[in-house]
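Report on one structure; see the data block that follows.
The values are calculated or read from the model by the stated rules, or taken from the named source; none is laboratory data. Please read all numbers here as calculations on a predicted model, not as lab measurements. Please note: Cβ atoms are built from the backbone with ideal geometry, for glycine as well, and neighbour counts cover all protein chains shown.
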């Protein structure tokens, strides 16, 4: 399933809702969307809503980690929200759950 996104800015928080499969064919687009949110003027924090994420492969995980590091380097708080249990398990198995802000 092709991945889509929607970005909403409210009170200094940019929420990016990711829907679909975050895999090798989509990861560059997802990473670009998240970087754009981090760079949005007036956004002190970015929330990445994973409620509708249906698939996440190793390159997708790496892209989300890169986005997290990109935000940190720019002093923007980035956290992943509505993390489904299976996504949390994928993060844990990959060894990145402790590096990300997950809610």
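Annotation note: Cβ proximity below 6 Å between a residue of segment 71-96 that is more than 17 Å from residue 16 (Cα to Cα) and a residue that is part of a helix (DSSP H, G or I) and modelled with pLDDT of 95 or more (sequence gap 6+ or interchain) occurs for 74/38; 91/97; 94/61; 96/65. Can you tell me how many residues in segment 1-20 are closer than 12 Å to residue 50 by Cβ and not in a loop (DSSP other than H, G, I, E, B)? Residues meeting the conditions: 7. Within segment 13-36, the set of residues being touching a helix residue (DSSP H, G or I) at 6+ places or on another chain (Cβ under 7 Å) and within 16 Å of residue 102 (Cβ to Cβ) comprises 16, 18, 22, 34.
Select from segment 64-82 the residues that are closer than 19 Å to residue 54 by Cβ and within 10 Å of the chain's Cα centre (by Cα) and list them in ascending order. Quick ask: steps written out before the conclusion?
Kept after step one, since they are closer than 19 Å to residue 54 by Cβ, are these residues of segment 64-82: 64, 67, 80-82.
Correct list: 64, 67, 80, 81.
Among all positions in segment 37-44, there is no residue which is over 13 Å from the mean Cα position of the chain (by Cα), under 19 Å from residue 101 (Cα atoms) and in a helix (DSSP H, G or I).
Selection of first residues in segment 8-23 that are on the phi > 0 side of the Ramachandran plot and of second residues that are part of a strand (DSSP E or B), restricted to Cβ pairs under 8 Å at least 6 apart or on distinct chains, gives the following pairs, ordered by first then second residue: 12/45; 20/4; 20/52; 20/53; 20/54; 20/55.
Each row is one residue, and each column tells you yes or no for (1) over 17 Å from residue 29 (Cβ atoms); (2) touching a strand residue (DSSP E or B) at 6+ places or on another chain (Cβ under 7 Å); (3) exposed (fewer than 15 other Cβ atoms within 10 Å of the Cβ).
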| residue | (1), (2), (3) |
| --- | --- |
| 53 | no, yes, no |
| 56 | no, yes, no |
| 60 | no, yes, no |
| 67 | no, yes, no |
| 74 | yes, no, yes |
| 80 | yes, yes, no |
| 83 | yes, yes, no |
| 90 | yes, yes, no |
| 102 | yes, yes, no |
